Structures are given as C-alpha cells and as structure tokens.
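Student: Attaching a single structure in structure tokens format; questions to follow.
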Amino acid sequence: MLHIVIIGAGECGARAAFALREKGFDGQITLVGAEEHLPYERPPLSKEALLHGLEPKLVSDAARYADAGIAVLTGLSVESIDPAGKTVQLSNGDSLPYDRLLLTMGARPRPFPGLSGTIHRIRTLRTHDDTVAIRAGLQPGKHLAIIGGGFIGLELAATARKLGAQVTLLEGLPRILSRGVPDEIAGVVAARHQAEGVEILCGVKIQSLEESRDEVKVHFEDGRTMAADLIVVGIGAIPNVELARDAGLTIDNGIAVDEHLQTSVPDIFAAGDCCSFPLAHYDGRRLRLEAWRNAQDQGALAAANLLGAGEAMSALPWFWSDQYDLTLQIAGLADGATQTIRRDTADGAFILFHLDAGGRLIAASGIGTGNAIARDIRLAEMMIAAGVRPDPVALAAAQTKLKSLLAA
Amino acid sequence: MTNWVEVCAADEIDEEDVIRFDHEGRTFAVYRSPDDQFFATDGLCTHEKIHLADGLVMDDIIECPKHNGRFSYKTGEAKGAPVCVNLKTYAVKVEAGSVFISLA
C-alpha cells in the first residue's frame, strides 16, 4: 500500500492530508508534527485566542482524522530525511518509510539578533503556547513593547490594548507595514492604533535588549533606554528548510519547488510557508508566502500533485489582517504598479486598485470596518486573475458594480 | 404550521446577489439566483460566524467574505475547506412582489 508522509502538522499539512482522501487516495497517510496539539488555525493566536484565552481552534477534531484514516503523530519531530532510502528518521528513534513525501514545515519567528540563554520576558508569537505565555504577561497596566510594525505586531498591539496593557510599538523603518501595504492604508492603520492609545515609534534603531528579573529594557542606538514588562519580537519569519537542505534539496528563500510544488527530488513535494514557488501570473517570479489561504491552497494542490494530477499553481497571493474592528485585505502583488486608483465606499472604507503600465489590474488593497471591502477585493482578485484592463473612471466610482467590470 | 415572514420587496435584491435579514434575534441571508429564484439560509458562516451577506454570490454559490468558505445557497451544502458544516436553508416564496421566508 502506498504510504504518503507529511512532515509538518499545521494548516497546510492537515489540509493536504484531508485533500488526499477527498481526491480518492486510499493508501496510508501519516502526518507528523512537532507540537503537542492537533493541527490548529494560527490566525486567532494574535486575536481571539489571545483576548479570551481560548483553546486551539483545531482544523479538524480527532474523530475526523480517525474517520479519514489519517495517522497524526504529534509531539514528534523529524531528525532527518533519506531521499535515497525513502525514509524519515523521527525524534523518538523510529524510522518511517515513505513512497511520497510532503514537506509542510512552515516557518519560525525570526529571533532578535544576538539573544541567547533563558529568556522569559522577550517572546515571539507563532504557536498556541506562545499565545498562552504572552497572555499571562498582559494584565491591565503592564507595559508591552512590540518590536516590528508588521501584521503580527499590530494585531498583537490591538489585542493587548483590549486587555488593558500599555503598548509601545517599535519599528525600524520610517513607517509601519512597509512590506506590501500601500502608504495610504498603513496610515489608516497607524492612526487607529494611535487613537486607541498605542505609542508607535518609527525609525528607531535598537542596540540591544536586556532582561532582568523584574523587567526588560530596550537600549536604543542613540543612548536612550525604555523599560517594559514584556517584549514581543515580530520581525518576520524564517522558513524551516534545514531538513530539506540536509537531504540535498534545492533551497532558494525556502524549499524551491516548481509550479507543481515538486522539489528538486521527484518524490518530495513542499507547500506553504516553507517553500518558494514561481507564480505564472507575475512572469514566473519566485516568491514565498506566509499566509493562511496560501497554506490551504497549496496543501490541496500538493495533495493533487502527489497523486499525479500535474496541476500548476494558479492562486493569487491574498491575505487579510484584523485590528480592532478594521479589516485589511490585499490581493495580488502591487510592486509593478504604475497607477493607483482609489475607490471610496461606505463609512470611510476604501480600495486601492493597482494597475501596470498596460492598464492591467495587478493588485488591490482595501481597508474598512467589518467586511466592508471583502466582496470588492474578492471581485478584484477575479479581475486580476482574468487579466482585466478596467476603465479607471468606472473603477473609481463606488456606484459601478465591480461584477460588471469583471465581465467586460 | 408554516410561519411566513416578509423579508423585503423582491426588487430590493439584485440578481446573483444576497441581502442580510434580521428577525427576532436571528440573522438570515436571502439570495436571488442568476435565474431569478429566491433562496434563504442561516446568515452566519458555519466556520467563524461571519455574515454571509457580505460575501460574493457566484451562480449558486455563496462565498464567505472572511475566509472564502463556500456553500451552495440552494441546498446549504458546504463545498470544502475551511467549511465542513452545512448551512441550514429555509423555504422562500414571492407573493405580490414581496419575498417571504418560512420560519417554522
């Protein structure tokens, strides 16, 4: 019986395991994960789970894995992969043979440079256990310093304010969200955080962090220091490629896969945060995404291709962030844009449509309360996929139904 | 006994679109299909309690605005991850230009 082993039990690995069954695979499936929990959704970790102290929101409960005949080995890491002998070596000493292998090992938080030893008051946020530890340090009045003005840091700031903590967010660049979010939208986000009492300091250079028994200190390059009760570092993530590299797979800002998510070794595929892939819609440009929907899409695609479907990756980058009652969504890649069209919808919500020199829609970014911009961003995503060159005047007019531009 | 509750005038819902309808503490989504029929389901996605009426209707599918979970609004069937629990559906009728939903 064919045995497919999936290393990495997050959203992507779990989705792949179920997708294999949905596509009719009747062989053996083993999902191996280092965490003690069954696969769970990570987006709530900086939001509802942190706010309310919730248990992990499982992708599926144990019964569904059992019903689907998926063996989930939690709390076990993989020590090595032997592509020639087609086995993986587990941390408990067992050796697991496979016919095909899927790597969904995700990414880990980038540590603050130079930190070592036992650290209690300087944390990162990636796992449920991280959320539990951060929540324990966020009583009302405690001072939280967040390093990094990206999505993790900003979502954490919003939740920490709701929990009554005093929050300072430190960003080294001139503004927050400088990776992939337009200035106009970042400005709305920053203003909201400031209105909620978050202190945002941009352009600050941190020399070092120093932990003592009762507090932690940030030392800035200009000689100033700032004390806090807790620091959370959110300065990006590093793809977990070491196992793949040691097994001789090609690495290129992640485990390099082709448009079918196949690695440089034919029986081994990779998907999700750990892999970099070429995106046909943007001239085959290679990218790596750390996003929930990408994890789902690639998990399902990898499952199809593990079974020989030969389907190419076609989904566009798409992600969202929730902060307070604001939701931000971005579809596509705006880097090549030469023109931006703003469309104002109800209640202060707006969408920016990014067009290339040929007038083709290549990305859309929006922000508003609740799901105000969700439907239009979804339609924009479909327009991007279809290669539409929309009339800029119609695009800007809120009364124009985007559905009509999609058909055009 | 069937309890028909008036939702709105039929022309208040565009073809291939959806509106939210709140009634006695419950929330529903009422749809008009591309072939001009009306349907109703529970208003919240079974994945994370998001109002489906903010989502996109495509043919006979409603897609949740938050995480793109998809359902057939005609049958309530969940169409795959991240949604795995079906939506409850309700009978709908149109009389004298108004849409009614059946709340048993």
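Student: Out of residues 5 or more away from A:H143 or on other chains, whose amide H comes under 5 Å of its own, with H placed 1.01 Å from N in the peptide plane?
Tutor: A:Q166, A:D229, A:L230
Student: Quick one: accessible surface of A:T124, probe radius 1.4 Å, all protein chains present, in square angstrom to the nearest 10.
Tutor: The accessible area of A:T124 comes to roughly 40 Å².
Student: Ok, one more. For the interface of B with A, what's the total buried accessible surface in square angstrom, probe 1.4 angstrom, rounded to the nearest hundred?
Tutor: 1700
Student: Next question. Any of A:K23/A:K86; A:K47/B:K79; A:K142/A:K162; A:K162/B:K66; A:K142/A:K217 with alpha carbons more than 20 Å apart? Name them for me.
Tutor: A:K23/A:K86; A:K47/B:K79; A:K162/B:K66
Student: I would also like to ask the following. Choose one of A:S178, A:T74, A:A145: the residue whose Cα lies farthest towards the positive end of the charge dipole of region A:52-206 (beta-carbon charges +1 Lys, Arg; -1 Asp, Glu; about the Cα centre).
Tutor: A:A145
Student: To continue, here is another question. From other protein chains only, count the Cβ atoms within 10 Å of every residue's Cβ in A:367-379, then give the mean.
Tutor: Average neighbour count from other chains, rounded to a whole number: 4.
Student: Could you pull the Cα extents of chain B along its three principal axes, largest to smallest, in whole Å?
Tutor: Extents along the principal axes, in whole Å: 39, 28, 19.
Student: Using a 1.4 angstrom probe on heavy atoms only, work out the carbon and sulfur share of the accessible area of region A:293-408 in %.
Tutor: 53
Student: Hey, another quick one. Helices from chain A with mean Kyte-Doolittle at least -0.5 and a Cα length along the axis of 20 Å or more, per DSSP H: which?
Tutor: A:292-306
Student: Net charge around A:A337, counting only other residues with Cβ within less than 12 Å of its Cβ (Lys, Arg = +1; Asp, Glu = -1)?
Tutor: -1
Student: Over every pair of different alpha-carbon atoms in region A:176-278, take the mean of 1/r and invert it; report that Kirkwood radius in Å.
Tutor: 17.5
Student: So, by mean Cβ neighbours within 10 angstrom, what's the order for A:371-380, B:20-29 with the highest one leading?
Tutor: A:371-380, B:20-29
Student: What translational diffusion coefficient, to the nearest whole µm²/s, does region A:111-233 have by Stokes-Einstein, given a Kirkwood radius computed over alpha-carbon pairs, a temperature of 37 °C and 0.692 mPa s viscosity?
Tutor: My calculation gives 224 µm²/s for D.
Student: Provide the three semi-axes, in whole Å and in decreasing order, of the ellipsoid equivalent to region A:235-372 as defined by the square roots of 5 times the Cα gyration tensor eigenvalues.
Tutor: So the three semi-axes of region A:235-372 are 32, 17, 13 Å.
Student: In 10 Å bins starting at zero, report the fraction of Cα pairs in region A:85-146 per bin as a rounded %.
Tutor: 15, 31, 24, 20, 8, 1
Student: Another question, then. Just the Kirkwood number for region B:1-44, please: inverse of mean 1/r across all distinct Cα pairs, in Å, one decimal.
Tutor: After inverting the mean inverse Cα-Cα distance, the result is 11.0 Å.
Student: What is the average number of partner chain Cβ atoms found within 10 Å of a Cβ in A:143-154?
Tutor: If you average over the peptide's residues, the count of other-chain Cβ atoms is 0.
Student: Considering just Cα atoms, how many Å³ per residue does the convex hull of chain A enclose?
Tutor: 152
Student: Could you do me a favour and compute the accessible area per residue for the protein assembly as shown, 1.4 Å probe, result in Å²?
Tutor: In whole numbers, the protein assembly as shown has 42 Å² accessible per residue.
Student: Counting only other chains, and only Cβ atoms inside 10 Å, what mean value do you get across the residues of B:62-70?
Tutor: Mean partner shielding for this stretch: 4.
Student: For A:K403, which aspartates and glutamates qualify as cross-link partners when the Cα separation must be under 15 Å and same-chain residues fewer than eight apart are set aside?
Tutor: Candidates past the 8-residue exclusion: A:D376, A:E381, A:D391, B:D14, B:E15, B:E16, B:D17, B:D54, B:D59, B:E63.
Student: How much net charge surrounds A:P111 when only other residues with a Cβ under 12 Å from its Cβ are counted (Lys, Arg +1; Asp, Glu -1)?
Tutor: Cβ neighbours under 12 Å give a net charge of +4.
Student: If you average the sequence gap of Cα pairs under 8 Å that are 6 or more apart and divide by the length of chain A, what percent do you get for the contact order?
Tutor: Relative contact order for chain A comes out at 14 percent.
Student: Return the Cα extents of region A:265-305 along principal axes one, two and three, sorted largest first, each rounded to a whole Å.
Tutor: For region A:265-305, the Cα extents along the three principal axes come out at 26, 24, 17 Å.
Student: Using heavy-atom solvent-accessible surface (probe 1.4 Å) with all chains present, what is the largest-first order of A:T127, B:T2, A:T168?
Tutor: Result of the area sort, largest leading: B:T2, A:T127, A:T168.
Student: Å³ per residue of the Cα convex hull, for region A:325-407?
Tutor: About 73 Å³ per residue, rounded to a whole number.
Student: Suppose we keep just the DSSP beta bridges with both residues in the protein assembly as shown; what percent of those would be antiparallel, to 5?
Tutor: 70
The values are calculated or read from the model by the stated rules, or taken from the named source; none is laboratory data. Keep in mind that this is a model prediction, so the values were computed, not measured. We place every Cβ from the backbone using ideal geometry, glycine too, and count neighbours over all the protein chains shown. Please note that ligands, DNA and RNA were not included when accessible areas were found on the heavy atoms of the full protein model with its side chains. Shrake-Rupley method; radii C 1.70, N 1.55, O 1.52, S 1.80 Å.
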